[in-house]
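In what follows, a single structure is set out as structure tokens and then discussed.
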Amino acid sequence: MAVHSLRKRLLVGNWKMHGSLQGNAQLLAELKQGAGSALACDLVVCAPYVYLSQLASCLKGSAIAIGAQDVSAHAQGAYTGEVSASMLADIQCAWVIVGHSERRQYHAESNQLVAAKLRQALDAGLKPILCVGETQQEHEAGVTHSVIIEQLRCVLDWPLSDLQKICVAYEPVWAIGTGLSATPDQAQEVHALIRAQWPDSIAHTLHILYGGSVKPDNAADLFAMPDIDGALVGGASLHAHDFLHIAAA
Ligand code: 13P
């Protein structure tokens, strides 16, 4: 499809709660070396907050951008333990994941809270990746479409200038960390649904990433689908070889 080729592929690694100064240094050096060979996609690594400064210094001069895995819904103030969007921007962090299913599940993040975080990210000039996805139970009940539409609803009436800066990741919860990726057709169906919710005039510019057990051996088939513009990768992003293999796909 012609419009597909206009969207440069985007590959985002989500390290989740993994890493150490020493291990990260090795992984980042390998990524930096591998990414040097002009990949046809943009690369982002989302690390735990405490390592973002390490990423900023290790990845300086490389084409790999830095992202956080969460952000506060508040701009500043007495919110112990929180990290604001402007703090992330301050340390050269360009991207942030918002509304990951693990935040929704273990930290009771509602669609409204996710929207407030998204607002903060946009106001600070960060590029947010809004995660949506249905649980196993919802998948089996056949309510995937309504769940996804509900998760998107609180931002759909935002100005085009905001929507243009948002990237969406479809991560079916049943596929995360299970080795059970959605099939390319299953993912494509939901990606097309997501694109159809976006205002017509900018729908073709929206990047929609797939996440959930993306590995070197299934990436190419997923990326061949017209509405899959890249991936949000968990486990495989912890291994430079696997992450770069997915990038090459
Ligand atoms: P896995 O790639 O480990 O399934 O994780 C996906 C994910 O949650 C990325 O945000």
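The values are calculated or read from the model by the stated rules, or taken from the named source; none is laboratory data. Just so we're clear, the structure is a prediction, and the values are computed from it rather than from any experiment. In this analysis, Cβ positions are derived from the backbone assuming ideal geometry, glycine residues included, and neighbour counts consider all displayed protein chains.
For Ala169, are the conditions met, namely being surrounded by 15 or more Cβ atoms within 10 Å (Cβ to Cβ) and aliphatic (A, V, I, L, M)? Considered against the rule, which asks whether it is surrounded by 15 or more Cβ atoms within 10 Å (Cβ to Cβ) and aliphatic (A, V, I, L, M), Ala169 comes out as yes. If you check Leu55, Leu122, Leu113, Leu152 for being touching a strand residue (DSSP E or B) at 6+ places or on another chain (Cβ under 6 Å), at pLDDT 95 or above and hydrophobic (A, V, I, L, M, F, W, C), only one passes: Leu55. Of all the criteria given as (1) within 15 Å of the ligand (Cβ to nearest atom); (2) surrounded by 14 or more Cβ atoms within 10 Å (Cβ to Cβ); (3) over 17 Å from the mean Cα position of the chain (by Cα), the one not satisfied by His107 is (2). For Tyr79, the requirement of being touching a strand residue (DSSP E or B) at 6+ places or on another chain (Cβ under 7 Å) and either among the aromatic types (Phe, Trp, Tyr) or modelled with pLDDT of 95 or more (or both) is not met. Ala78 meets the stated requirement of being more than 16 Å from the ligand (Cβ to nearest atom) and exposed (fewer than 14 other Cβ atoms within 10 Å of the Cβ). Every test in (1) in contact (Cβ under 8 Å) with a residue 40 or more places away in the chain; (2) under 18 Å from Arg153 (Cα atoms); (3) assigned to a strand (DSSP E or B); (4) not hydroxyl-bearing (Ser, Thr, Tyr) is passed by Val44 save one, and that test is (2). Counting only helices (runs of 4 or more DSSP H) that sit wholly inside segment 158-249, those with at least 2 residues that are closer than 28 Å to Met17 by Cα are 184-197, 216-223, 240-248.
Just one residue in the set Gln54, Gln69 is of a type outside the set (A, V, I, L, M, F, W, C) and more than 16 Å from the ligand (Cβ to nearest atom); that residue is Gln54. When Ala175, Ala224 are checked against the criterion of being surrounded by 15 or more Cβ atoms within 10 Å (Cβ to Cβ) and under 23 Å from Leu43 (Cα atoms), a single residue qualifies: Ala175. Which of (1) modelled with pLDDT of 95 or more; (2) surrounded by 14 or more Cβ atoms within 10 Å (Cβ to Cβ); (3) part of a helix (DSSP H, G or I) is the odd one out, the single condition Gly34 does not satisfy? With (1) modelled with pLDDT of 95 or more; (2) surrounded by 14 or more Cβ atoms within 10 Å (Cβ to Cβ); (3) part of a helix (DSSP H, G or I) applied to Gly34, the lone miss is (1). With respect to the stated conditions, Val190 fails to be crowded, with 18+ Cβ neighbours inside 10 Å and within 30 Å of Tyr79 (Cα to Cα). Leu180: out of contact with any strand residue (DSSP E or B) (no Cβ under 6 Å at 6 or more places or on another chain) and either buried (at least 21 other Cβ atoms within 10 Å of the Cβ) or farther than 22 Å from Ala236 by Cβ (or both), yes or no? In short, no.
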